[in-house]
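Student: Just dropping this structure here.
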Amino acid sequence: MVKVIVCIKQVPMASELPWDAQSGTLRRDLAEGMMNPACKHALEAALTMKHQQGGHVTAITMGPPMAEEILREAIAMGADRCLMLSDPAMAGSDTTVTSSTLARAIEIFCSDFDLILTGCHTTDSETAQVGPQLAEELDIPVVAYVDEMEINDRVIRVQRFSDNFLETLEVDLPCLLTVNTRHFTPRYIPLSGLQDAFGEVNILSVSAADLGIDPSSVGIEGSPTKILEVFTPLAEKKNIVLKGAPKKIVEELFDRFDTKISGIIKKDIKREGR
Ligand SMILES: Cc1cc2nc3c(=O)[nH]c(=O)nc-3n(C[C@H](O)[C@H](O)[C@H](O)COP(=O)(O)OP(=O)(O)OC[C@H]3O[C@@H](n4cnc5c(N)ncnc54)[C@H](O)[C@@H]3O)c2cc1C
């Protein structure tokens, strides 16, 4: 029996990213939302562990009320129960506050977990910080960017690629893994799943007060990360025409781009000579 928690985040559809330049946050209320792709892989991994070992899966999200959609989607895929952390006071929380709020909810509502799974990163903020920070808050081991996992008794064996090496690690449960998007392809939702998701669903709504959190310690006010400026970088291209004899052109090319060329041919052309 394995009790798995999976943390999932709603992100705006890539096609629409309304931005509030004043507060430096996304206007999620104006965008169509979807489950963050990496979170879907984490959910699939959670469901796979449940089917192999028995047990149950709890999906948790922290977000505005419309994020309930992804909890219903999680139930349609096979999650057993959900926690919805939502409170106007939590809006604009950075990764530190998001992690500590998720940790507090886990301690209060599902502290007997064996395994916490998160996506490796999101498609909107993409910091990849929440998983490792959540593990730190709960004082449990963490492995990031996991491709495969197998539970044996109270130990989980995981595989991941790191610096082009395939690593196999064993970690004692309880632990937290951030799941890569290479494996655990999310399943199609069965028709019966849709029925579950639109019926009476097991979603517990949790506010800052339910967590015993002072509203000023969450949201924009409680977040140490301050967004100073948001802008779209300008991509500039410059066309340079090299002129002269072929030998001169090649020499100039190497002078201008020796670092890039060395990287491509994997030789230090400055040191080894041309
Ligand atoms: C009312 C309200 C409004 C919010 N508005 C915004 C907003 O405008 N913009 C914004 O980016 N965030 C918003 N959040 C959510 C929160 O602030 C972000 O989730 C957080 O900063 C995560 O950063 P990230 O996307 O870089 O996560 P990463 O560290 O890249 O995420 C890695 C993994 O951590 C887990 N995770 C991350 N965030 C959450 C979450 N919220 N709930 C559950 N699991 C999570 C997922 O498994 C994810 O795959 C809001 C939250 C609330 C309550």
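The values are calculated or read from the model by the stated rules, or taken from the named source; none is laboratory data. Here the structure is a predicted model, which means the values were calculated and not measured. Positions of Cβ are generated from backbone atoms using ideal geometry, with glycine treated the same way; all protein chains shown enter the neighbour counts. Side chains included, ligands, DNA and RNA excluded: accessible areas come from the protein's heavy atoms. Shrake-Rupley method; radii C 1.70, N 1.55, O 1.52, S 1.80 Å.
Student: Residues in segment 160-208 that are more than 22 Å from R72 (Cα to Cα), of a type outside the set (S, T, N, Q) and free of Cβ contacts under 8 Å to residues at least 12 places away in the same chain: how many?
Tutor: Adding up the residues that qualify gives 4.
Student: Report the residue count in segment 107-124 for those that are closer than 29 Å to S23 by Cα and crowded, with 18+ Cβ neighbours inside 10 Å.
Tutor: Looking only at that region, the number is 5.
Student: Looking only at segment 164-192, how many residues end up being buried (at least 19 other Cβ atoms within 10 Å of the Cβ) and more than 16 Å from the ligand (Cβ to nearest atom)?
Tutor: Count: 2.
Student: Scan segment 124-139 and give yes if some residue there is over 28 Å from K226 (Cα atoms), touching a residue at least 12 places away in the same chain (Cβ under 8 Å) and either more than 13 Å from the ligand (Cβ to nearest atom) or part of a loop (DSSP other than H, G, I, E, B) (or both), otherwise no.
Tutor: no
Student: Quick one: count up the residues across segment 70-97 that are touching a strand residue (DSSP E or B) at 6+ places or on another chain (Cβ under 6 Å) and not in a loop (DSSP other than H, G, I, E, B).
Tutor: Final tally of qualifying residues: 9.
Student: Hey, can you tell me all the residues within segment 104-120 that are more than 8 Å from the ligand (Cβ to nearest atom) and outside any helix (DSSP H, G or I)?
Tutor: Those that are more than 8 Å from the ligand (Cβ to nearest atom) and outside any helix (DSSP H, G or I): C110, S111, D112, F113, D114, L115, I116.
Student: Looking for whichever is aliphatic (A, V, I, L, M), over 30 Å from L71 (Cβ atoms) and either assigned to a helix (DSSP H, G or I) or open to solvent by less than 100 Å² (accessible area, probe 1.4 Å) (or both) here; the options are I264, I220, I213, I227. Which one fits?
Tutor: Among I264, I220, I213, I227, only I264 is aliphatic (A, V, I, L, M), over 30 Å from L71 (Cβ atoms) and either assigned to a helix (DSSP H, G or I) or open to solvent by less than 100 Å² (accessible area, probe 1.4 Å) (or both).
Student: Condition check: assigned to a helix (DSSP H, G or I), farther than 28 Å from D124 by Cβ, of a type in the set (A, V, I, L, M) and not assigned by TED's automatic domain parsing to the domain that holds M90. Does L242 satisfy that?
Tutor: So L242 does not fit the description; no.
Student: Just to check your reading of the model, which residue among T61, T48, T96, T101 is open to solvent by 10 Å² or more (accessible area, probe 1.4 Å), of a type in the set (V, I, T) and near the ligand (Cβ under 10 Å from one of its atoms)?
Tutor: One residue alone meets the criteria, T96.
Student: Sticking with this structure for a sec: Which condition number in (1) over 17 Å from the mean Cα position of the chain (by Cα); (2) buried (at least 19 other Cβ atoms within 10 Å of the Cβ); (3) among the small types (G, A, S) is the one that A135 fails?
Tutor: All conditions pass for A135, except number (1).
Student: Continuing with the same structure: Give M1, M13 a once-over and let me know the one that is under 27 Å from T232 (Cα atoms), open to solvent by 50 Å² or more (accessible area, probe 1.4 Å) and at pLDDT below 95.
Tutor: Only one candidate qualifies: M13.
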